[in-house]
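*Asks:* First the structure, which I've put down as structure tokens, then a few questions once you've had a look.
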Amino acid sequence: MKKFMFSFVLILTFGCESPDDFKPSSLIDLINIEVRSNNVPADGISRIQVIAAFSEDFSTEDDQKIEFTVFKDSLERSSQDLVFTLNNGVEERISELFVVHNRPETLRVKATASVNGVEFSKTTDIVYEMAYPEEINVLADSLVINPNSFKELKITTELLRSIGKVNSGIIAETIVVDTLGNERGLFNNYQNKIREIDSGKIENRFTLGNDDYTGRLFVIVSTQTATETVGDSIVIFSKNN
């Protein structure tokens, strides 16, 4: 049995009048919780590491595990092993948890240990930032559209990341202009937000309607990230059949 457990039993036997004196608050200093790689994009892939650390002689009751709880919309609970490690030349026992998320927000994480039937825990916050697109692709189901026509052209905007997916609610604006920069045509049920995380797409239906313009048209899409504007464009042609 580890030194800590032996000492703990002696205290229970000789050092107090009642086991009730041993509450989580009396054990809280045994656990240290820290966060590494915080403030990552909420792209469903990038991970935040949460570590619960103890002295090298610490031992739980029997299973040598620490219980973690992540406070999301529905609680996520998991048991992680206690392992020995060397931290700056000091031996310690740690249990680590890796958390991913797909929404930019702050989550609370609790690490709970149990000794002789007494549970004690510490909590910390982890932060997920907006997962902005790094690249945009704009596509059309045809490169030709008819003037004076309400026949629709489907324009698809793909918002892409090298790792994971962009968040829902990301805004990407789409315009169609002629060679002089004048906006042309109209959108039916204009969409400019990512609504489904898994798709990462925005779909619009464009028509020239009563506009009789013929010639080149530029479909331009852009979005603003935390640091820059990302965009893409394609050329389509308005002409009579």
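*Asks:* Being in a strand (DSSP E or B) and not charged (D, E, K, R) is the filter here; which residues of the range 40-67 pass it?
*Replies:* Listed by number, the residues that qualify are V40, P41, I48, Q49, V50, I51, A52, A53, F54, S55, I66.
*Asks:* When you scan the range 80-97, how many residues do you find that are surrounded by 12 or more Cβ atoms within 10 Å (Cβ to Cβ), assigned to a strand (DSSP E or B) and not acidic (D, E)?
*Replies:* So the answer is 6.
*Asks:* Does N167 satisfy the condition of being out of contact with any helix residue (DSSP H, G or I) (no Cβ under 8 Å at 6 or more places or on another chain) and under 17 Å from E203 (Cα atoms)?
*Replies:* Yes; evaluated as a whole, the condition is true for this residue.
*Asks:* Within the range 191-241, which strands (runs of 3 or more DSSP E) (wholly inside it) include 1 or more residues that are under 15 Å from V144 (Cβ atoms), modelled with pLDDT under 95 and of a type in the set (S, T, N, Q)?
*Replies:* Details: elements: 201-207, 215-224, 229-238.
Fully inside the range 191-241 and qualifying: nothing.
*Asks:* Taking the residues in the range 177-190 that are in a strand (DSSP E or B) and of a type in the set (A, V, I, L, M, F, W, C) as candidates, determine which candidate is farthest from R103 (Cα to Cα). Spell out the reasoning first.
*Replies:* Applying the first criterion (in a strand (DSSP E or B)) to the range 177-190 yields 177, 183, 186-188.
Of the ones still in play, those that are also of a type in the set (A, V, I, L, M, F, W, C) are 177, 186-187.
Details: V177: 34, L186: 32, F187: 29 Å.
The extreme case among them is V177.
The values are calculated or read from the model by the stated rules, or taken from the named source; none is laboratory data. Everything quoted here is computed from the prediction, not taken from an experiment. When we count neighbours, we look across all protein chains shown, and the Cβ atoms used for this are built from the backbone with ideal geometry, even at glycine.
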